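The values are calculated or read from the model by the stated rules, or taken from the named source; none is laboratory data. These figures come from a predicted structure and were not determined experimentally. Cβ placement follows ideal geometry from the backbone for every residue including glycine, while neighbour counts extend to all protein chains displayed. All accessible areas refer to the heavy atoms of the entire protein, side chains included, with ligands and DNA or RNA removed. Shrake-Rupley method; radii C 1.70, N 1.55, O 1.52, S 1.80 Å.
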Amino acid sequence: MKILLGGFHQEINTFAPGTTTYEQFRAAGSAMGEDMLRLAASNVRYFDSRDALRAEYQEIVKAGGEVVSGGYMLAQAGAIIEDHVLKDYIKALVDTIERNLPLDGVFLVLHGAAQTTASEDPEGDIVKAVRDAVGERAVIAVASDLHSDVTPKWVENVNIICGYHTYPHVDIFETGCRAAKLGLRILKEGLVPHMACVNIPMLIPPSEYTTNTPPLSGLMQYGKSLVESGELLDFSVYLMQAWLDVGTGGSAIIAISEDKGKAEKYACEMAARLYAMRYEFKKKLYSVDEIIRIAERNTSGKPVILNDFADSSNAGAAGDSAEVIKRIIELKSDIRALMYINDAEAADLCHKLGAGSTITTELGAKKSKNLYTPARINGVVKAVFDGIMSMGHDHWADMGPSAVIEVRNTIIIVCHEHRYNGNPRLYRCFGYDPADFDLVVVKACSSFRAFYAPITDLIYPAATKGSASSDLLSFNFTRVPRSFYPFSDSEFTPAVSAWGRQN
Ligand SMILES: [Zn+2]
């Protein structure tokens, strides 16, 4: 049994400035050929959760299969990808498939919310090219993010798609296992699954929900009960990355069953339930000043998190807002605050001046000029770093030349491009522990909650501007159909949009 393993993992924010280039894929640790097999076989963990690539690898090996590397392209969420990155990857993938035919299967890890300068459906393009190259009989199984844009092109070309059941994503490894196990059952046991996909005309910002709390927790529990009782083989709930302006997809439910009628019935039922929840996804927001005041008065000993999700680099925003330090300076607050910002020019200036120097500069808003204005800061350069930082588990992140600037009692980590923005490790690798501060800025949607839970539960979503703002009506969507919620609020009758491939 010979199975090709590969992946393309990038989440796009159409409204983020600039483009995603090869450099971002390199810096995030993309791996091709033998390097990918080493990565898949090693103990590398992404975002503190064992990755799906390793899960699929392990399942294939456990089943006695031979693994062929298809390469794994991975990048931090960001702006639209330059199309040649996708084209080159597809060409390399198809070449590898053709050199290794016949293949029994292709197991992939796809984020599912990519977009390039020429394609609205890169994952659809990938699986179509794979299907054409590998033939009708090979099994294609995919593990994907809960924030995928699951298009009919994608569904119709593959046998199995499994999405994360959790947000914050803490079941990435388990999702890879689900996809691989079902793919292997088709190959080894002759399982014939029916995979129904129902697309839902709805966009919900990821800052508005988690799977740990209602209303979404109930739907996830219901899906799991259907799998446990044997009604379904698997299910996935997809809430498409909300800042993806594409004409296809939307939110979706996938239900997989040996019984076609049950796949259709439960996919439609769960889609209706998800759409009916749309008004319940709404979070109270606080002004930056309010949160600073709350942190100043806080005597719990736990840090207050100012959740600047609108500038979340996990949601593709540029991470270059300086609004919080600006308000701290204007309010003359002596609060002990900790924050990070992307500003390559300021980081380079710190390197030029050297540790211990005083610095006066404009900080932030270098990329997001249309959203922010910079903060005028006077501070001290506490330290400079090359930005290649250990994230543990033999994994390194390249954030580019970086520095620490102290302004009043605030510590600012300045990077070319920060990583792990929802994880306290980003601060710890520079020598600062969020638990030691009164106010900690976290630029992430909901993913950070799992990582910060051991430190604090004092989390305040901020009413800030950004490429990942929860106010979707403030963006100039041009491709998403106007019939989608929240642009309109029409009746929705669930129906199967696409069926998965059967061999
Ligand atoms: Zn996600």
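Can we say Val158 is in the same structural domain as Pro17 (by TED's automatic domain parsing), closer than 30 Å to Met220 by Cβ and of a type in the set (Val, Ile, Thr)? Considered against the rule, which asks whether it is in the same structural domain as Pro17 (by TED's automatic domain parsing), closer than 30 Å to Met220 by Cβ and of a type in the set (Val, Ile, Thr), Val158 comes out as yes.
Gly65 falls short on exactly one of the conditions (1) modelled with pLDDT of 95 or more; (2) closer than 20 Å to Glu23 by Cβ, and that condition is (2). Identify all residues within region 168-214 that are within 16 Å of the ligand (Cβ to nearest atom) and of a type in the set (Val, Ile, Thr); write none if there are none. Those that are within 16 Å of the ligand (Cβ to nearest atom) and of a type in the set (Val, Ile, Thr): Val170, Ile172, Thr175, Ile204, Thr210, Thr211.
The residue pairs whose first member lies in region 445-459 and is open to solvent by less than 40 Å² (accessible area, probe 1.4 Å) and within 16 Å of the ligand (Cβ to nearest atom), whose second member is of a type in the set (A, V, I, L, M, F, W, C) and part of a loop (DSSP other than H, G, I, E, B), and whose beta carbons are closer than 9 Å, counting only pairs six or more residues apart or on different chains, are Cys445/Ala468; Ser447/Phe47.
The listed residues are Ala468, Ala463, and the only one of them that is open to solvent by 40 Å² or more (accessible area, probe 1.4 Å) and either outside the structural domain of Leu363 (by TED's automatic domain parsing) or of a type in the set (Gly, Ala, Ser) (or both) turns out to be Ala463.
When you look at Lys302, is it touching a residue at least 24 places away in the same chain (Cβ under 8 Å), closer than 28 Å to Ile455 by Cα and either among the polar types (S, T, N, Q) or open to solvent by 60 Å² or more (accessible area, probe 1.4 Å) (or both), yes or no? So Lys302 fits the description; yes.
Considered as a group, the residues in region 184-213 that are charged (D, E, K, R) and more than 28 Å from the chain's Cα centre (by Cα) include one that is least open to solvent (accessible area, probe 1.4 Å), and that residue is Arg185.
Only one of the numbered conditions (1) in contact with an Asp or Glu (Cβ under 9 Å, 6 or more places away or on another chain); (2) assigned to a loop (DSSP other than H, G, I, E, B) is not met by Ser488, and that is (1). For region 325-356, filtering for residues that are touching a residue at least 60 places away in the same chain (Cβ under 8 Å), part of a helix (DSSP H, G or I) and open to solvent by 10 Å² or more (accessible area, probe 1.4 Å) leaves 2. Scanning region 133-146 for residues that are out of contact with any helix residue (DSSP H, G or I) (no Cβ under 7 Å at 6 or more places or on another chain) and either away from the ligand (no atom under 16 Å from the Cβ) or farther than 19 Å from Leu74 by Cβ (or both) yields a total of 4.
Residues in region 147-167 that are within 13 Å of the ligand (Cβ to nearest atom) and surrounded by fewer than 24 Cβ atoms within 10 Å (Cβ to Cβ) were compared, and the one that is farthest from Asn503 (Cα to Cα) is Thr166. Based on this model, can you work out whether Val384 counts as in the same structural domain as Ala318 (by TED's automatic domain parsing) and touching a Cys at 6+ places or on another chain (Cβ under 6 Å)? For Val384, the condition - in the same structural domain as Ala318 (by TED's automatic domain parsing) and touching a Cys at 6+ places or on another chain (Cβ under 6 Å) - is met.
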